[in-house]
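Enquirer: Take a look at this one; I'll ask things after.
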Amino acid sequence: MTDPVPVSNRPPVSNQPSGRMNGGRALAEMLRLAEVGPMFGMGGFQLLPFYDALAQLGMRHFLINDERCGAFAADAYARVTNRPGVCDGTLGPGATNLVTGLIESLNAGVPIIALAGDTNRAHSWKNMTQECRQAEILRPAVKELIRVEMTSRVPELLRRAFAVATSGRPGPVLLDVPEDVCHGEHDFTAEDFAIDPSTLSVPARRIRPDRAEISRAAALIARAKRPLILVGGGIHLSVGYDALLGFAEAQSIPVAHTMSGKGGIACTHPLSVGLFGRYSRIANELIEASDCLVVVGCKLGEIATKRYVLPPETIPLIHLDIVAEEIGRCRAADVALWGDARAGMEDLGEALAGEAKRARSARADYVAEIPSRMASWRDEAAARLHSEERPIHMARLCTELNKALPADSTLVADGGFAGHWTGLLYDTKSPGRHFIPDRGLASIGYGLPGGIGAALAAPSIPAVAITGDGGFNMMLGELETARRAGIGLTIVVVNNAASGYVKALQHAIFRGRYQSSDLVEMDYAAIAHAMGCNGIRIEDPDRLGDALQAGLAERTRPTVLDVVVTRDPARMLPAVDNRTVEIKQGDRVA
Ligand SMILES: Cc1ncc(C[n+]2csc(CCOP(=O)(O)OP(=O)(O)O)c2C)c(N)n1
Ligand SMILES: [Mg+2]
């Protein structure tokens, strides 16, 4: 009698394989069952059975050049698709390199399944090569760290990982997989391979706020003459766009957004008052003049509150959030609505349905203010928004992005100026995750790998990443990944030959005593060419439009647009920064 063919050498016949297989194969089979998208990682001995299984099963996995980038790419993938992104690293340095990316996802509430190889337990703590206390290092970087101690428990614990990653406030879950568990074998039954489909995308489960609190909130809103909705990134995690727009329109309530909340409603909608917080067009003054604030899926952190000076304590505030303990953390709430953003907005809309007609007529003048205030802001900012100056003005670059990017495109914005300028001036044209800034941890370097994740998540949708030169330097190796992946990603490098945010602050606070904030002048278009990509250096603002179109037209190779912007540290900040100067009401920005 011949031995049965080992599972790893057989083509998959069903979603529920059975028979003897190693832990790596079981991991891959479960991820296949979960219909995960492209994965990002860098191999090492411990996880090689997993890699082998991916090859056997024909699953997509991209070698990245730094595990942090794999985590960033998985994060952006998850934001575009609302499905968990997957990344992996080998033990020791692979695992520790994941930390920054995983904390981005943790703080931003993004579902991730991360795998880390670990030492063979027969030899652990005997100075094995690359061994470190990785579980202790990674535990605070994730929503939950699951140590997989038995090959037989791989399916069960991956099921658990998806449930944790996608429920409540979503987040990253790390499976720490010892070498012997990954290489070890077990006889699995078909029933072992099962997964709850409701845990494969966010939000996995919805919870509605307490009814009595909804009534109290509705009463406050009904009385308000100038209510304002402040929306954060939770609106994307809840996919609450229709509920938000329906509620705002029915009740005539304008909407301001954080950087992460951009796209809750289209920035071009007449009820959108733009970004609030550290940088603002007209939103901060509308907050000051409001008589009822409805905060939705927003932590009211440092940037949103302009370092905790907004919103004024005197204005009644309703706070709707999926994490109960976020309510009241930074600003007391008059009404606490603990629940899912979409469900909460629907319930508020229902509670106020009878009021809608009266509210719309009572607030007609109020909402009519918004387009006219926005128009006068545009007039004041026009010289910068349409600037012909060289080096190029950041506001002009944002105007050109607004013109060039279609409504369905994704703009990924890096942690430095790139994110703040576009957070303020980039206009999404339809609701959704069309603007992806890494505000969870605000690391520089997210732009390029985030762009890779976004491009792979939605290949038919134009993907553009905007990054500083410092952030791009950090990640240059990933241009190789982008090229290998054959993606038509456009990378806009904001080339100011500086660690610009740092230099601008040194200018403002330390009277121009600069230390370690200059970069050498680089030609990133030439670097892109040398790496087999398209590259265009742009010094004339009138060439920006064509260059962006050229980038968007590329379908199979990345394009680097090297945009030469101001080198003057006095002119880099998108506005007066309130860490350096007191912001007075009426300060104009951009
Ligand atoms: C990993 C990391 N290190 C340091 C910082 C602090 N930081 C914020 S903005 C900035 C400047 C980054 O330079 P660049 O990417 O060129 O962007 P610019 O501000 O010049 O547009 C730095 C160093 C950070 N956000 N992330
Ligand atoms: Mg720079």
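Enquirer: Can you tell me which residue in the stretch 512-525 is farthest from the chain's Cα centre (by Cα), limited to those that are open to solvent by less than 50 Å² (accessible area, probe 1.4 Å) and away from ligand 1 (no atom under 12 Å from the Cβ)? Write out each step before concluding.
Expert: From the stretch 512-525, those open to solvent by less than 50 Å² (accessible area, probe 1.4 Å) are 512, 517, 524-525; that's our starting set.
Checking which are away from ligand 1 (no atom under 12 Å from the Cβ) leaves us with 512, 525.
On the way: Gly512: 34, Ala525: 27 Å.
Going through the qualifying residues, I end up with Gly512.
Enquirer: Would you call Lys429 open to solvent by 10 Å² or more (accessible area, probe 1.4 Å), within 12 Å of ligand 2 (Cβ to nearest atom) and either more than 28 Å from Ala74 (Cβ to Cβ) or not hydrophobic (A, V, I, L, M, F, W, C) (or both)? Steps first, please.
Expert: Working: open to solvent by 10 Å² or more (accessible area, probe 1.4 Å): yes; within 12 Å of ligand 2 (Cβ to nearest atom): no; either more than 28 Å from Ala74 (Cβ to Cβ) or not hydrophobic (A, V, I, L, M, F, W, C) (or both): yes.
The answer is no for Lys429.
Enquirer: Could you list, ordered by first residue, the pairs with Cβ atoms under 6 Å in which the first is in the stretch 246-270 and of a type in the set (Ser, Thr, Tyr) and the second is outside any loop (DSSP other than H, G, I, E, B) and open to solvent by 10 Å² or more (accessible area, probe 1.4 Å), at least 6 apart or interchain?
Expert: Within 6 Å, the pairs are Ser252/Arg360; Ser252/Val367.
Enquirer: Hey, another quick one. Could you list, in sequence order, all residues of the stretch 64-98 that are open to solvent by 10 Å² or more (accessible area, probe 1.4 Å) and part of a loop (DSSP other than H, G, I, E, B)?
Expert: Result: Asn65, Asp66, Asn82, Arg83, Thr90.
Enquirer: A further question on this structure: Within the stretch 462-505, take every residue that is modelled with pLDDT under 95 and surrounded by fewer than 19 Cβ atoms within 10 Å (Cβ to Cβ) and give me the one that is farthest from ligand 1 (Cβ to nearest atom).
Expert: Among them, the one singled out is Leu505.
Enquirer: Any idea which of Ile491, Ile487, Ile466 is more than 13 Å from ligand 2 (Cβ to nearest atom) and within 17 Å of Gly419 (Cβ to Cβ)? Give the derivation first.
Expert: Values: Ile487 fails: within 17 Å of Gly419 (Cβ to Cβ); Ile466 fails: more than 13 Å from ligand 2 (Cβ to nearest atom).
Step by step, each of Ile491, Ile487, Ile466 is checked, and only Ile491 is more than 13 Å from ligand 2 (Cβ to nearest atom) and within 17 Å of Gly419 (Cβ to Cβ).
Enquirer: Do we find that Gly445 is in a loop (DSSP other than H, G, I, E, B) and within 16 Å of ligand 2 (Cβ to nearest atom) in this structure?
Expert: Values: in a loop (DSSP other than H, G, I, E, B): yes; within 16 Å of ligand 2 (Cβ to nearest atom): yes.
It is true that Gly445 is in a loop (DSSP other than H, G, I, E, B) and within 16 Å of ligand 2 (Cβ to nearest atom).
Yes or no, residue by residue, for (1) aromatic (Phe, Trp, Tyr); (2) not in a loop (DSSP other than H, G, I, E, B):
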position: Glu302; (1), (2): no, no
position: Tyr308; (1), (2): yes, no
position: Ala336; (1), (2): no, yes
position: Asp347; (1), (2): no, yes
position: Glu350; (1), (2): no, yes
position: Ala356; (1), (2): no, yes
position: Arg360; (1), (2): no, yes
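Enquirer: List pairs: first residue in the stretch 84-95 and over 21 Å from Val110 (Cα atoms) and at pLDDT below 95, second residue open to solvent by less than 10 Å² (accessible area, probe 1.4 Å) and not aromatic (Phe, Trp, Tyr) anywhere in the structure, Cβ distance under 9 angstrom, at least six positions apart or on different chains.
Expert: Qualifying pairs under 9 Å: none.
Enquirer: Could I ask something else about it? Count, please, the residues in the stretch 409-436 that happen to be within 12 Å of ligand 1 (Cβ to nearest atom) and not acidic (Asp, Glu).
Expert: Let us first name the residues in the stretch 409-436 that are within 12 Å of ligand 1 (Cβ to nearest atom), namely 413-422.
After this cut, where a residue has to be not acidic (Asp, Glu) as well, the list is 413, 415-422.
Result for the stretch 409-436: 9.
Enquirer: Now, a different point. For Gly451, only one of the following conditions fails: (1) open to solvent by less than 20 Å² (accessible area, probe 1.4 Å); (2) within 16 Å of ligand 2 (Cβ to nearest atom). What is its number?
Expert: (2)
Enquirer: Please find, within the stretch 396-418, the residue that is nearest to ligand 2 (Cβ to nearest atom) out of those that are at pLDDT below 95 and in a helix (DSSP H, G or I). Even if it seems obvious, please write down each step before you answer.
Expert: Going residue by residue through the stretch 396-418, those that are at pLDDT below 95 are 415-418.
Filter once more, so that each one left must be in a helix (DSSP H, G or I): 417-418.
Values: Phe417: 7, Ala418: 9 Å.
Here the residue is Phe417.
Enquirer: Same structure again: Please verify whether Arg579 is open to solvent by 30 Å² or more (accessible area, probe 1.4 Å), modelled with pLDDT under 95, within 16 Å of ligand 1 (Cβ to nearest atom) and within 25 Å of the chain's Cα centre (by Cα), treating the condition exactly as stated. I'd like the intermediate steps shown before the answer.
Expert: Working: open to solvent by 30 Å² or more (accessible area, probe 1.4 Å): yes; modelled with pLDDT under 95: yes; within 16 Å of ligand 1 (Cβ to nearest atom): yes; within 25 Å of the chain's Cα centre (by Cα): yes.
Considered against the rule, which asks whether it is open to solvent by 30 Å² or more (accessible area, probe 1.4 Å), modelled with pLDDT under 95, within 16 Å of ligand 1 (Cβ to nearest atom) and within 25 Å of the chain's Cα centre (by Cα), Arg579 comes out as yes.
Enquirer: Only helices (runs of 4 or more DSSP H) wholly contained in the stretch 116-187 count here; list those with 1 or more residues that are in contact with a Ser or Thr (Cβ under 6 Å, 6 or more places away or on another chain) and touching a residue at least 60 places away in the same chain (Cβ under 8 Å).
Expert: Numbers: elements: 134-138, 154-166, 179-183.
Fully inside the stretch 116-187 and qualifying: 154-166, 179-183.
Enquirer: From the residues in the stretch 296-340 that are among the β-branched types (Val, Ile, Thr) and more than 16 Å from Asp210 (Cα to Cα), which one is most open to solvent (accessible area, probe 1.4 Å)? Quick ask: steps written out before the conclusion?
Expert: The initial filter retains those residues of the stretch 296-340 that are among the β-branched types (Val, Ile, Thr), namely 296, 303, 305, 309, 314-315, 318, 322-323, 327, 335.
If we keep only those that are more than 16 Å from Asp210 (Cα to Cα) as well, we get 303, 305, 309, 314-315.
Details: Ile303: 46, Thr305: 4, Val309: 90, Thr314: 125, Ile315: 9 Å².
Filtering first and then ranking leaves Thr314.
Enquirer: Of the conditions (1) within 16 Å of ligand 2 (Cβ to nearest atom); (2) open to solvent by 20 Å² or more (accessible area, probe 1.4 Å); (3) of a type in the set (A, V, I, L, M, F, W, C), Ile509 satisfies every one except a single condition; which number is it?
Expert: Every condition holds for Ile509 apart from (1).
The values are calculated or read from the model by the stated rules, or taken from the named source; none is laboratory data. What you see is a predicted model; the values in this text were computed from it and never measured. Here Cβ is always computed from backbone atoms with ideal geometry, including for glycine, and neighbour counts include all displayed protein chains. The area values use the complete protein model at the heavy-atom level, side chains included, leaving out ligands, DNA and RNA. Shrake-Rupley method; radii C 1.70, N 1.55, O 1.52, S 1.80 Å.
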